[in-house]
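J.: The structure that follows is given in the form of structure tokens.
Bear in mind these aren't lab numbers, they're just calculated from the coordinates by the rules spelled out. Computed from a predicted model, the values in this text were never measured in an experiment. FYI the Cβ positions are ideal-geometry reconstructions off the backbone, even for glycines, and counts take in every protein chain you see.
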Amino acid sequence: MGVARLKKAELYYHKSIHEQIAAALQETGSCQIISSSEENHSRPAGVEALISATDERLSDIRYLTRTLTPHYVDPVPALDRMLGERPEVTMTELEELAAKTDLKAVCDKTRAVERETGDNRQKLSDARNTALILSSLEFFPYPLSAITEGTKTLTGVIGTVKPGNVSGFKAALGDFSKYKDDSELIIAPYDEKTQDIYAALIYSRSIEAEIREVCAKHGFSPVEVPATLTGTAEEEKERFAGMISALEAKEAELDERLNALAEENVPTVQKLSDYYNSLSARYNGTAMSDETDSVMLTRFWLPAKSADDIRAKIEAISTDVELVLSDPAPDEEPPSLLTNGNTVRPFNILTELYSSPKYRGIDPTPLLAPFFWIFFGMCLGDAGYGIVVFGLILFVFKKYKKIAPGVKDFITLFLFCSVSTFIYGVISGSFFGNFIDAFLPPLIPMKNALMLVDPMTNPMQVLGISLLLGVIHLMFGLLVAAYDMLRNGEIIDAIGDKISWFFFIVGLCLYGVGLGGMLPPHFVQIGGAMAIIGAVIIFIYAGKGEPNYAKKVINGFLALYGSTSYLGDILSYSRLLALGFGSAVIGMVINLLGGLAAEIPYVGWLVAITVVIGGHIFSIAINILGSFVHPLRLQYVEFFGKFYSGGGEPFTPLTLSQEYVNVRA
Amino acid sequence: MEHLGLSLALFGAALAAALAGIGSAIGIGVAGGAAAGVMTEDPNKFGSCLILQALPGTQGIYGLLIAFFVLNKLGLLGGAGAVALTWNQGLQILASCLPIAVVGWYSAIWQGKTSAASIQMIGKKPEAMGKAIILPAMVETYAVLALLTSILMLMGVQVG
């Protein structure tokens, strides 16, 4: 339990076997390589070459993954993949696959198709643009070569005029009556809504300068007509329609070719991705070693428990190796690895989400686990929901046998919590909300017999329980902090800053509860005495080290004022009531709607069943989110605030990459 | 004037559902915009983005919950018929609805902004999901407290 004891290993071996050594370390999956402490450390030359060769392969793989994955339809659903339904391979098989696969050739083929697709797409977009321009040139009766090429004496221009300018433009051109025979103005049909009126102007080259001036003056803006257009707009339109459909067909065909390439190659590329990523990690690990002419030295952390296994594995490779194990020096900060048994391990993720403990710190996981379990149960708080979640997870575990350990732990966390959900649901009489009261009246006596609390009619009782749990949780946190301080020999601080508060708050609670008549009267005196002792210690401790008596007193009162933060912390646990209440009432509302729907003639029962089932599925999903987040907050903010700050480096051993495949040893 | 009490109570229920709902809609909208931005970079973050986007949605549910609570108290659900209410009782119910209406409205908007920031955080650091989910939850605390206040107040109001 707690943070695993690590050993620091120094492994000396001959250069010639560095690949086998690294492979063995990687296969154990429990060695974290330490960077060389030498200044100006340079990677050993032999390894450098291996790394760059692997990087080259990886860059091909990244290219193929990026390009082909969008075209790949995985025959196995993504959820199944996530739950471990992946190919099982060994490193040897992957090695053989890598040897016989010509990644370069696949890359070249893919690049060629990709390039062709790009060109085709460009052509298609050009053609579409031209077709768009053509659709507004239909008013022009002559072949477009009159504009794009012109003749020896004539040329032309097409452009747009704003509606306000049309008459002025016409008039101005009319003034050139002497050129009248030399020019022709054609205006596209328009109505009052047209924004840009198309106009074409054919004129003699001899008057080009004057025409341009008139055009500029009257806001005529020329439209670029692509030079390839020579026929009439009608003819060109037809030509481009044909061109576009040919290009579209080509695009579909290229897409098909990419799909085929993807179907053929993606599974291999994925396997090789894991293979080369494993190699890359392995070589980069070796690269952190120091070397002499013929010997290499690799340093790594390993769990003390696995030391013998690892030694055996290494010595199996060669007898000419030297493995020196030592305990971490006091000034070293080793990474932290959480070792908890099967019951607590699923909760590790909650600690890791916050921050791993320091190597020499406390692992808070076993401490928070029971509280999280209870709090989650109170927030979701419904026997029916508990059964549904429990059943669903059992089904998943039965169907999927190869779930990755991390994912499995996370799911197991919810399996555990579904049990507390069920228990609290029974205690508080909630089964799919008020399903029993609404639809199964014969079961009401059984439900009532099992009920210990009733949040619906007596919420104050559950509020009291929530706050009491809060006090227990917080006080437990304080005691852990005190223990941690005592362990480090800070006895005065432990008493002055932690135990004093414990006395003060527990005393106040006993006093208050005693006054309320819920405990025998002598608890009032005991509680009062505890609170006073606590307060006095807090007061004195706060003034410690302050020579000025007035300041001593001020500091003392300020410290006592800190009790408001405890008040806030404790009240924060009222969310346990509120969220449990929330799920119960949402469930009740769903049943109510179901009941109302059942009154619809003929199809009522069908609607009712849909509403009730769909509603409860929604309720489970939304309430699980809340029931996970809020108890977690209580751990992180209220509980951890008392004693835990994390700050350790998580243990990240050298492992085989298993993104797409399960690699067996 | 005989129905003034009922009207006031209904007004309270409407405020609870409407204001908290508006807040959630804005909050989810803000978070959704950030989520869409992050997903243009990496569509695989859909799952985590969706969870973070959903967080400011609870206020709307709390509002709905209180509204139903009121309707149930008034006997408007099911065929029993409305209970008789003095205007004073109606005003009490209206007052009970205000905590979740006002706090739900505002906290959902701010929670949405925090969610949006968290979504951008996991855009850069996907491993920080745990922290990303806690920051918006800090805001929600006050909506939960308001819900609790509204529930306790409603339970205290005697009708019928």
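J.: What distance in nm separates the two pseudo spin-label positions at A:ALA307 and A:LYS100, each 7 Å out from Cα along the beta-carbon direction?
T.: Placing both labels 7 Å along Cα→Cβ, they lie 4.5 nm apart.
J.: Using 0.36 nm per residue of separation minus the Cα-Cα distance, give me the extension gain between A:GLU322 and A:ILE349 in nm, one decimal.
T.: Details: separation 27, 0.36 × 27 = 9.72 nm, distance 3.64 nm.
Result: 6.1 nm gained on full extension.
J.: Sort A:331-339, A:296-304, A:489-497 for me by packing, meaning the mean count of neighbouring Cβ atoms within 10 Å per residue, highest on top.
T.: With the highest mean Cβ count within 10 Å placed first, the list reads A:296-304, A:331-339, A:489-497.
J.: Ok, one more. Shielding of B:66-75 by partners, i.e. mean partner chain Cβ atoms within 10 Å per residue? Intermediate values should be presented prior to the final figure.
T.: On the way: counts 1, 1, 6, 4, 0, 2, 4, 0, 0, 0.
The per-residue average across the peptide is 2.
J.: Another question, then. Taking 60 Å as R0, compute the FRET efficiency from the Cβ-Cβ separation of A:ALA329 and B:ASN72 and round it to 0.05.
T.: So the FRET efficiency works out to roughly 0.35.
J.: Grab the beta carbon distance between A:GLU192 and A:GLU116, set R0 = 51 Å, and tell me the FRET efficiency rounded to 0.05.
T.: After rounding, the FRET efficiency stands at 0.60.
J.: Hey, another quick one. Does the protein assembly as shown come out rounded, prolate or oblate, given a ≥ b ≥ c as the square roots of the eigenvalues of its C-alpha gyration tensor, rounded meaning a/c under 1.5 and, failing that, prolate meaning a/b above b/c?
T.: Oblate, because a/c is 1.5 or more while a/b does not exceed b/c.
J.: Could you state the number of Å between the C-alpha centres of the stretch A:340-358 and the stretch A:409-469?
T.: Between the Cα centres of the stretch A:409-469 and the stretch A:340-358 lies a distance of 28 Å.
J.: Pop out the ³J(HN,Hα) list for the stretch B:64-76 in order, Karplus 6.51 cos²θ - 1.76 cosθ + 1.60 with θ = phi - 60°, rounded to Hz; leave Gly and Pro as x.
T.: Result, rounded to whole Hz: 4, 4, 5, 4, 5, 4, 5, 4, 5, 5, 7, x, 8.
J.: Search the structure for amide H atoms under 5 Å from the amide H of A:LYS358, placed 1.01 Å from N in the peptide plane, and list their residues when 5 or more places away or on another chain.
T.: The answer is A:GLY646, A:GLY648.
J.: I'd like the distance separating the alpha-carbon centroids of the stretch B:1-71 and the stretch A:613-638, in whole Å.
T.: Rounded to whole Å, the Cα centres lie 16 Å apart.
J.: Within 10 Å of each Cβ in peptide B:129-140, how many partner chain Cβ atoms are there on average? Round it to a whole number, please. Walk me through the intermediate numbers first.
T.: Working: counts 1, 9, 4, 1, 6, 8, 1, 1, 10, 3, 0, 5.
Across the residues of B:129-140, the mean count of other-chain Cβ atoms within 10 Å is 4.
J.: Right, another one. If the chain between A:VAL73 and A:PHE618 were fully stretched, how many nm would it gain, using 0.36 nm times the residue separation less the Cα-Cα distance?
T.: Working: separation 545, 0.36 × 545 = 196.20 nm, distance 2.99 nm.
Net length gain for the segment: 193.2 nm.
J.: Let me ask you something else. If you plug each phi of the stretch A:152-159 into the Karplus form 6.51 cos²θ - 1.76 cosθ + 1.60 with θ = phi - 60°, what whole-Hz ³J(HN,Hα) values come out, in order, with x for Gly and Pro?
T.: For the stretch A:152-159, the Karplus curve yields 4, 10, 10, 8, x, 8, 10, x Hz.
J.: With the crude spin-label approximation of a point 7 Å out along Cα→Cβ, what separation in nm comes out for A:ILE492 versus A:THR268?
T.: 7.4 nm
J.: Still on this structure, please answer the following. Hey, what number do you get for the protein assembly as shown at 222 nm if only DSSP H runs of n ≥ 4 count, each worth -39500 (n - 2.57), divided across all residues, to the nearest 500? Before the final figure, lay out each step's value.
T.: On the way: 29 runs with 523 residues, N = 825.
Theoretical 222 nm ellipticity from helices: -21500 deg cm²/dmol.
J.: Moving to a separate point now. Pop a pseudo-label 7 angstrom from the Cα along the beta-carbon direction at both A:HIS14 and A:GLU253 and give the gap in nm to one decimal.
T.: Label-label distance for A:HIS14 and A:GLU253, simple model: 6.1 nm.
J.: Also, quick follow-up: Using r as the Cβ-Cβ distance of B:VAL102 and B:ALA36, and R0 as 30 Å, what FRET efficiency do you calculate, to the nearest 0.05?
T.: 0.50
J.: Report the extension gain between A:LYS398 and A:SER35 in nm, rounded to one decimal, defined as 0.36 nm multiplied by the number of residues separating them, less their alpha carbon distance.
T.: Stretched out fully, the A:LYS398 to A:SER35 stretch lengthens by 126.4 nm.
J.: Just order A:34-46, A:105-117 by mean Cβ neighbour count inside 10 Å, highest at the front, would you?
T.: A:105-117, A:34-46
J.: Is there a simple number for the mean count of other chain Cβ atoms within 10 Å of the Cβ of residues in B:142-149, and what is it?
T.: Taking the mean over all residues of the peptide, I get 5.
J.: How big is the dipole moment of the stretch A:396-510 about its Cα centre under a simple scheme where the beta carbon of each Lys and Arg is +1, that of each Asp and Glu is -1, and everything else is neutral? Debye, nearest 20, please.
T.: For this selection, approximately 800 debye.
J.: Quick one: which of A:309-315, A:459-465 comes out on top by average Cβ neighbours within 10 Å, and what's the full order, highest first?
T.: A:459-465, A:309-315
J.: Using the crude model of +1 on Lys and Arg Cβ and -1 on Asp and Glu Cβ, and no other charge, please compute the dipole size for the protein assembly as shown relative to its Cα centre, in debye to 20.
T.: For the protein assembly as shown, the charge dipole is close to 2540 debye.
J.: A follow-up question, please. Report, in degrees rounded to the nearest 10, the 0 to 90 angle that the Cα long axis of helix A:365-380 makes with the longest principal axis of chain A.
T.: With rounding to tens, the tilt is 70 degrees.
J.: Then there's this: What is the list of residues in the stretch A:136-177 whose amide nitrogen lies under 15 Å from a point 7 angstrom out from the Cα of A:ILE207, following Cα to Cβ?
T.: Only A:153-157, A:169-177 fall inside the zone, counting backbone N under 15 Å.
J.: Please list, in order along the stretch A:646-661, the HN-Hα scalar couplings obtained from phi with the Karplus expression 6.51 cos²θ - 1.76 cosθ + 1.60 (θ = phi - 60°), rounded to whole Hz, x for Gly and Pro.
T.: Calculated HN-Hα couplings, in order: x, x, x, 8, x, 6, 10, x, 6, 10, 7, 6, 9, 6, 10, 10 Hz.
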